[in-house]
């Protein structure tokens, strides 16, 4: 849903924005001449403080005559917390499989279950020929959460048969996993647990 806003005052109220986002991403379109850097920062800060935490607010485009700010509903902290062990398990699977594929483990590649379908820069994309499981990862060893690409991890969850509940929660691989990584980064317990996962899984 696109909403043209020529001034800050024309931004819909918070409850309206929340309602709009239950169905689709809400995109606020501002004239480029009106929205300078300071106004944009004020709008982003205001929306992030006002909207519920299960919404991501971000600049989504700079065009010839307009700037867009998008609001997208994402997984909530409560949902992440409720399924935290499943997310840890998914991360462990992703780390282990990424490591094996990136170093071309014969037990995975020689039986033709996995094929390398694309190489781009420092990333490789693999697909399982029977299950259509997708794994896209770096071609170097991941050391910590900073090495985890949210979209790659989200796509892994969405195509993995072992995580049906997580597949329902992760509607958007990039934005939902950005929220997940933010949650982990802000949670001391998760930071320690994930540090152990990277250490013990490699």
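Considering (1) under 30 Å from residue 165 (Cβ atoms); (2) outside the structural domain of residue 170 (by TED's automatic domain parsing); (3) at pLDDT 95 or above, the lone condition that residue 23 does not fulfil carries the number (3). One residue stands out among those in segment 65-78 that are under 16 Å from the mean Cα position of the chain (by Cα) and surrounded by fewer than 21 Cβ atoms within 10 Å (Cβ to Cβ): the one that is nearest to residue 4 (Cα to Cα), which is 70. Scanning segment 182-196 finds one or more residues that are buried (at least 16 other Cβ atoms within 10 Å of the Cβ), in contact (Cβ under 8 Å) with a residue 60 or more places away in the chain and within 26 Å of residue 21 (Cα to Cα).
Select from segment 2-25 the residues that are exposed (fewer than 13 other Cβ atoms within 10 Å of the Cβ) and part of a loop (DSSP other than H, G, I, E, B) and list them in ascending order. Correct list: 6, 7, 13, 22, 23, 24. Looking at 98, 102, can you tell me which residue is out of contact with any helix residue (DSSP H, G or I) (no Cβ under 9 Å at 6 or more places or on another chain) and surrounded by 17 or more Cβ atoms within 10 Å (Cβ to Cβ)? Just a single option satisfies the conditions, and that option is 102.
Can you find a residue that is over 26 Å from residue 158 (Cβ atoms) and surrounded by 16 or more Cβ atoms within 10 Å (Cβ to Cβ) anywhere in segment 41-57? The answer is yes, given that some residue of segment 41-57 is over 26 Å from residue 158 (Cβ atoms) and surrounded by 16 or more Cβ atoms within 10 Å (Cβ to Cβ). One residue stands out in segment 152-200 among those that are more than 8 Å from the chain's Cα centre (by Cα) and not in a helix (DSSP H, G or I): the one that is nearest to residue 72 (Cα to Cα), namely 171. Against the conditions (1) in contact with a helix residue (DSSP H, G or I) (Cβ under 6 Å, 6 or more places away or on another chain); (2) within 16 Å of residue 94 (Cα to Cα), residue 169 satisfies every one except (2). Among all positions in segment 126-138, there is no residue which is in contact with a helix residue (DSSP H, G or I) (Cβ under 6 Å, 6 or more places away or on another chain) and modelled with pLDDT under 85.
The values are calculated or read from the model by the stated rules, or taken from the named source; none is laboratory data. Everything quoted here is computed from the prediction, not taken from an experiment. Please note: Cβ atoms are built from the backbone with ideal geometry, for glycine as well, and neighbour counts cover all protein chains shown.
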